1. Loop by DSSP (not H, G, I, E, B), at most 16 other beta-carbon atoms within 10 Å: where is the longest site-free stretch of chain A for GluC sites (Glu not before Pro)?
2. Given a 1.4 Å probe and heavy atoms of the protein chains only, how would you sort C:H278, C:H235, largest accessible area at the top?
3. In segment A:74-121, what trypsin sites (Lys or Arg not before Pro) fall in a loop by DSSP, with at most 14 other Cβ atoms inside 10 Å?
4. Within chain B, what whole-number % of the accessible surface is contributed by carbon and sulfur, with the 1.4 Å probe and all protein chains included in the calculation?
5. In degrees from 0 to 90, rounded to the nearest 10, what is the angle of the helix B:214-223 Cα long axis to the longest principal axis of chain B?
6. Treating the angle as unsigned and between 0 and 90°, give the value, to the nearest 10°, between the Cα long axis of helix C:249-259 and the longest Cα principal axis of chain C.
7. Decide, for segment B:49-137, between rounded, prolate and oblate: order the square roots of the alpha carbon gyration tensor eigenvalues as a ≥ b ≥ c, take rounded if a/c falls under 1.5, and otherwise choose prolate if a/b is larger than b/c, else oblate.
8. Per Stokes-Einstein, at 4 °C and 1.567 mPa s, what whole-number D in µm² s⁻¹ belongs to the protein assembly as shown, with the Kirkwood radius over Cα pairs as the hydrodynamic radius?
Amino acid sequence: MKTDPGRYFEDFRLGETIRHATPRTVTGGDAALYTALYGPRFAVQSSDAFAGAFGYPRAPLDDLLVFHVVFGKTVPDVSLNAIANLGYAEGRFLRPVYPGETLSSVSEVIGLKESSNRQTGVVYVRSTGYDAAGGAVLTYCRWVLVRKRDPAGPVGPEVVPSLSGAVAPADLAPALPALAPEAYDAGLAGSPHRLGDYAAGERIDHVDGMTVEEAEHQIATRLFQNTAKVHFDAHAATQTRFGRRLIYGGHVISLARALSFNGLANAFALAGINAGRHVAPLFAGDTVYAWSEVKAVAELPGRRDVGALRLRTVATKNQPCGAFPDKVGDAYDPAVILDLDYWALMPR
Amino acid sequence: MKTDPGRYFEDFRLGETIRHATPRTVTGGDAALYTALYGPRFAVQSSDAFAGAFGYPRAPLDDLLVFHVVFGKTVPDVSLNAIANLGYAEGRFLRPVYPGETLSSVSEVIGLKESSNRQTGVVYVRSTGYDAAGGAVLTYCRWVLVRKRDPAGPVGPEVVPSLSGAVAPADLAPALPALAPEAYDAGLAGSPHRLGDYAAGERIDHVDGMTVEEAEHQIATRLFQNTAKVHFDAHAATQTRFGRRLIYGGHVISLARALSFNGLANAFALAGINAGRHVAPLFAGDTVYAWSEVKAVAELPGRRDVGALRLRTVATKNQPCGAFPDKVGDAYDPAVILDLDYWALMPR
Amino acid sequence: MKTDPGRYFEDFRLGETIRHATPRTVTGGDAALYTALYGPRFAVQSSDAFAGAFGYPRAPLDDLLVFHVVFGKTVPDVSLNAIANLGYAEGRFLRPVYPGETLSSVSEVIGLKESSNRQTGVVYVRSTGYDAAGGAVLTYCRWVLVRKRDPAGPVGPEVVPSLSGAVAPADLAPALPALAPEAYDAGLAGSPHRLGDYAAGERIDHVDGMTVEEAEHQIATRLFQNTAKVHFDAHAATQTRFGRRLIYGGHVISLARALSFNGLANAFALAGINAGRHVAPLFAGDTVYAWSEVKAVAELPGRRDVGALRLRTVATKNQPCGAFPDKVGDAYDPAVILDLDYWALMPR
């Protein structure tokens, strides 16, 4: 059998390390496509001149482009037979990545838990993206609900990893170059608001909406070499419970981040992912909106140039966010599709 | 308030200078996307080897890609609350721009005129695109109809700028490198017709048609970091008079220019915009056609390598242009969507 | 007449050489778009680091991107008035092409055969892609059914070229660098199966399916500067027998090749096209699947690093390929849209 049917729950072994195909040199072409697909306007990633004045050697790639490329590689080995992507934790963007660098991914199986109905199980992995020299650039945990090949198949002991609810500020941005906040041109960046202008508890409606087309999410998801068939095969999708193609959850994350520019224009880089959940699926034709809550404003130990905002960004479909649609108790407003808790960097 | 609601008519001050976010390094990735979105085939922009033989250091970016990037930056400050983009004048492409250069934009408010119903007003701006060293690469005037925040709100005295009806040949292409028309390979360029083969009054049907999809215009408009919500939000658009997303007017300009290759293959660069008007909106699913009229054939003072054609290109939707659908008196043929009067360069 | 109406059958002369417009510098931006449009995951084209370890100076462009760019240039001169693209033969990928190289195309008319109804004729051309230094990078023959301007128009004697049914292994990959199969990392490449693991007669269902959108094939076809109006003009298409836009046949070839990764992950480059036929048209909304048959496993004279697989890849629409839908006698299964016989390289 030369084709890859993907792993089922029984195929994962606790502690196992999986090296993923395909290494990928990410270029300025990918960066241009990323801009075209999501419309981000953060100046650091948009302009070599702006990034250079601020202290970067050149404009780094969007952190989420790096995330999607690293994530995409894990799909054939981890989530080809997944039913749902359940969550993220302990995500750390370890250093800026630049056009021309080659990324590859490795995952470690850190937890396995069969579902009570024995039809499925939850697989917990820690995935790490590496550069061509073997240096880690990104690491995160995610857990996915994966089909069992055989409900009666034997499984090992249940291990649920103990994951941190938040990345500590001391663990953020370990290799960020020394930056020059006095050279950060707020006018060119699009907003006068710096770290000190935000306060925990503040909520921001990002106002704008973005409608998603089938061609757009397919182009994006292929760019990331993510092969999950649910995103691409409309013919097979007619036999699924949704009856149509599902949009890659990361597409929503990137849209929400791009929309968040309106209110968070100086949140110039991502540093950590504390928690993330795809609350509901998105389909082509839906319009995505987002709002954010500031959960904390943190100094980074030893740095006087930048600090971090802990943000919770909630994305909705087909409902603007002026009323901040949210979770009430355990139940989400039916418009909510994403709940992402992360750290972003801001100049002080 | 950290989000940007956009300016209303009352927020503009005559003589005010607005520095726009976000600076943008335009790369070969953007050039590839531009080709993929519009299909231009002009050899100078398509081939480093061709451009090099002709006298350029390398293939420059398409002039309209530069235009759209410069224009896109002005949208959050100038036209987020615009109802219509009324016109263009005094456009000058000041020098070729190459992949890797960083562009930013500044606009000056040169005119303000409240509408008689006091609900809206016309804002006239002169926008200029700059390179990273502060050199101007493009300048043009446009005027837009902008909502007032409050119909009763006081406004300053009416100032309507006196704009030239045409850019003079002496003002075209001030920094174009010395070119070698004898090295311009007409076979590779796709047409034997040079400047002297065109005559004022000549009309050319560009024959081909191009149907536009929602994904295409959204990808293009985001690439230009143009944030006007009318192009992206289908949910909100259901409450508008059109009931659907409007396509960025610049998308039509680029399609018409690409279609004009068939008949104007050697019009290798744009040099000026004399006047331009978006006569009617374009929607996804419509097919764009174009025809052109030669208004003048001009020498450029001091240059024996290239001259300029003054062209008027008319684009239509869902109607081929063999019959040259046009304006009769003040009324346009209902198929017309664009009327653009500009200067293009041609080898002599 | 300055516009190009395209050639009719009577306009071709046996032995004539046609230099095509427009030369094209193919960049990393084009490579990114190619990945985004088709989703290939072959490691050699995806990663500079992987390609470098294997013996390439850097990641070459996907061979089919080169093919489409070379092909696209021939369309305005050869197939603008074509009714159907009938077949391919004697295709040879002569050397790897790298980002930054400029390609141009030349075709020689090698056969002409009027149809019995005198309304059309078959034009046979040998097209060759050249680099900026005039070195050939790709050559192939194709034949197309072209309209006559006038059924009564006189035509020359019928000449049907004698084309080889297969490219000989000795003619494959004449300028491939010396590669290091021991440095070919099968884990990163995504499959342990090398040349010796395949056997003639073996059939592989590539499993995955890909649904095609109008925006996708238009973006691709414009990227290749292929101007055939049948792909772009939905308004005119309403008057055709299909009533809608036809998808460029090469789009199917690229989709099938990308899908073939699942089962042929180490078929790292294309070396020859023995025969090819677009059996039926593809339309937007259709889902493409593919399967392959190994027709031969060949050594390349003088090379111990890589060998060649002769493959026949069959693509279908809206029908998965687990049952290997095929030709029975002269009749194809109605789901089949492509039948391509080609050589791919694999490490030994």
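The values are calculated or read from the model by the stated rules, or taken from the named source; none is laboratory data. As the structure is a computational prediction, the values presented were derived from the model and not from experiment. As a convention, Cβ positions derive from the backbone with ideal geometry for all residues, glycine included, and neighbour counts pool all protein chains shown. Calculation scope for accessible area: heavy atoms of the full protein, side chains included, ligands and nucleic acids excluded. Shrake-Rupley method; radii C 1.70, N 1.55, O 1.52, S 1.80 Å.
1. Details: sites that count: A:E16, A:E158, A:E202.
It works out to A:203-348.
2. Values: C:H278 45, C:H235 65 Å².
Ranking C:H278, C:H235 by accessible area, largest first, yields C:H235, C:H278.
3. Working: sites: A:R92, A:K113, A:R118; in loops: A:R118.
Hits after loop and neighbour filter: A:R118.
4. Working: 5980 of 11430 Å².
Carbon and sulfur together cover 52 percent of it.
5. Here the helix axis deviates by roughly 90 degrees.
6. Between helix and principal axis, roughly 10 degrees.
7. Numbers: a/c = 3.05, a/b = 2.70, b/c = 1.13.
Prolate is the answer for segment B:49-137, as a/c is 1.5 or above and a/b outweighs b/c.
8. On the way: Rh = 29.8 Å.
Roughly 43 µm²/s, to the nearest whole number.
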